[in-house]
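Single-structure report; data block below.
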Amino acid sequence: NAGVTQTPKFQVLKTGQSMTLQCAQDMNHNSMYWYRQDPGMGLRLIYYSASEGTTDKGEVPNGYNVSRLNKREFSLRLESAAPSQTSVYFCASLSNSGRQYNEQFFGPGTRLTVL
Amino acid sequence: EDQVTQSPEALRLQEGESSSLNCSYTVSGLRGLFWYRQDPGKGPEFLFTLYSAGEEKEKERLKATLTKKESFLHITAPKPEDSATYLCAVQAPGTYKYIFGTGTRLKVLA
């Protein structure tokens, strides 16, 4: 069980460039999340997918798009990166059953710098 | 507006010096309050879920409690390896969304 994996681990972009952050989970979870974490701001929800085929906006969705490719994969796309998107991005999946019901499992994060 | 506030922002303890972290919340109809631990450079790791006032959960030196307005994470006789950022979150009513506090950075000195 790899849990939640994210790629890449680090990325540097120039303003205006685009990129996609990849996330995959192997725990058969229905719900997946994208958060960003900034100093003093805590974890803020960008987008989430309650189940395969659905996506919804979170607290800070502007400048981002998401794709729930299948049950395992949930990607986050920056179409035109801005310095304000410099952050650490975390993907998470939510256990919907069993002893781990309602626990979120987080990936290791992607550290993104936009110059 | 649903909100989670954690205090203090940072806490330094001597090894063995017990203390408590606070998480106060305003949400209409609590569906769950969650505690996570985050080590530097890593993703948060789940600790506890509390669902109703009066509920308590324990794990090693940590004990989480819940009232109608706040939760406490009690740390008894902490060790340096307990140093981390502790995050609190609530589930927004009727959704799969979770609202996180800004965390408490705990440093335990040997």
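The values are calculated or read from the model by the stated rules, or taken from the named source; none is laboratory data. Here the structure is a predicted model, which means the values were calculated and not measured. FYI the Cβ positions are ideal-geometry reconstructions off the backbone, even for glycines, and counts take in every protein chain you see. Calculation scope for accessible area: heavy atoms of the full protein, side chains included, ligands and nucleic acids excluded. Shrake-Rupley method; radii C 1.70, N 1.55, O 1.52, S 1.80 Å.
When the Karplus curve 6.51 cos²θ - 1.76 cosθ + 1.60 is applied with θ = phi - 60°, which whole-Hz ³J(HN,Hα) does each residue of the stretch B:42-49 get, with x for Gly and Pro?
10, x, x, 10, 5, 10, 9, 10
For the pairs A:Lys71/B:Lys97; B:Lys42/B:Lys63; B:Lys69/B:Lys97; B:Lys42/B:Lys97; B:Lys59/B:Lys107; A:Lys71/B:Lys69, note any where the Cα-Cα span goes beyond 26 Å. Write down the numbers at each step before the final one.
On the way: A:Lys71/B:Lys97 18 Å; B:Lys42/B:Lys63 23 Å; B:Lys69/B:Lys97 19 Å; B:Lys42/B:Lys97 21 Å; B:Lys59/B:Lys107 19 Å; A:Lys71/B:Lys69 36 Å.
Table pairs above 26 Å Cα-Cα are A:Lys71/B:Lys69.
Calculate I(q)/I(0) for the stretch A:1-100 by the Debye formula, one identical point scatterer on each C-alpha and no solvent, and give its log10 at q = 0.17, 0.25 Å⁻¹ to two decimals.
-0.74, -1.45
Taking the convex hull of the alpha carbon atoms in the stretch B:1-50, what volume per residue do you get, in Å³?
That works out to 122 Å³ per residue.
Compute the relative contact order of chain B as a whole-number percentage, counting only Cα pairs closer than 8 Å that sit 6 or more residues apart in sequence.
Working: 281 pairs, mean separation 40.6, N = 110.
Computed over chain B, the figure is 37 percent.
If amide H atoms are built 1.01 Å from N in the plane of the peptide, which residues on other chains or at least 5 residues away come under 5 Å of the amide H of B:Leu13?
B:Lys107, B:Val108, B:Leu109
What list of ³J(HN,Hα) values in whole Hz, one per residue of the stretch B:69-80 in order, does the Karplus curve 6.51 cos²θ - 1.76 cosθ + 1.60 (θ = phi - 60°) give from phi, with Gly and Pro shown as x?
Whole-Hz 3J(HN,Hα) from phi for the stretch B:69-80: 10, 7, 10, 10, 10, 8, 10, 9, 6, x, 10, x.
Which FRET efficiency value, to the nearest 0.05, do you get for B:Arg105 and A:Gln22 by plugging their Cβ-Cβ distance into 1/(1 + (r/R0)^6) with R0 = 35 Å?
On the way: r = 30 Å, r/R0 = 0.85.
Calculated value: 0.75.
Give me the distance in nm between label points sitting 7 Å out from Cα along the Cα-to-Cβ direction at B:Ser52 and A:Thr86, one decimal.
In this crude spin-label approximation the distance works out to 4.9 nm.
Rg over Rh of the protein assembly as shown, using C-alpha atoms and the Kirkwood radius, what does it come to? Each step should come with its number before you reach the end.
Values: Rg = 17.5 Å, Rh = 18.0 Å.
In the protein assembly as shown, Rg relative to Rh is 0.97.
Once you treat every alpha carbon in the stretch B:54-110 as an equal point and sum by Debye, what is log10 I(q)/I(0) at q = 0.14, 0.22, 0.26 Å⁻¹?
At q = 0.14, 0.22, 0.26 Å⁻¹ the computed log10 ratios are -0.48, -0.99, -1.17.
Three principal axis extents, largest first, for the C-alpha atoms of chain B, in Å?
44, 30, 20
In chain B, with Lys and Arg counted as +1 and Asp and Glu as -1 at Cβ, which of these residues, B:Gln91, B:Thr49, B:His74, has the Cα nearest the positive end of the dipole, that is, farthest along it?
B:Gln91
Taking the Cα centre as origin and putting +1 on Lys and Arg beta-carbons and -1 on Asp and Glu beta-carbons, what dipole magnitude results for chain A, to the nearest 20 debye?
180 debye
Could you tell me which residue out of A:Phe74, A:Gly16, A:Tyr64 lies farthest along the dipole of the stretch A:1-75 toward its positive end? Charges go on the beta carbon: Lys and Arg +1, Asp and Glu -1, centred on the Cα centre.
A:Gly16
Students sometimes get this wrong: rank A:Arg72, A:Arg77, B:Arg37 by accessible area, probe 1.4 Å, all chains present, largest first.
My answer, sorted largest first, is A:Arg72, A:Arg77, B:Arg37.
Using r as the Cβ-Cβ distance of B:Ser19 and A:Ala2, and R0 as 41 Å, what FRET efficiency do you calculate, to the nearest 0.05? The partial results should precede the final answer.
Values: r = 36 Å, r/R0 = 0.87.
That pair, B:Ser19 with A:Ala2, gives E of 0.70.
Nothing charged except the Cβ atoms of Lys and Arg (+1) and of Asp and Glu (-1): what's the magnitude of the dipole of the protein assembly as shown about its Cα centre? Round to the nearest 20 debye. Intermediate values should be presented prior to the final figure.
Numbers: 25 positive and 22 negative charges, 65 e Å.
Roughly 320 debye for the protein assembly as shown.
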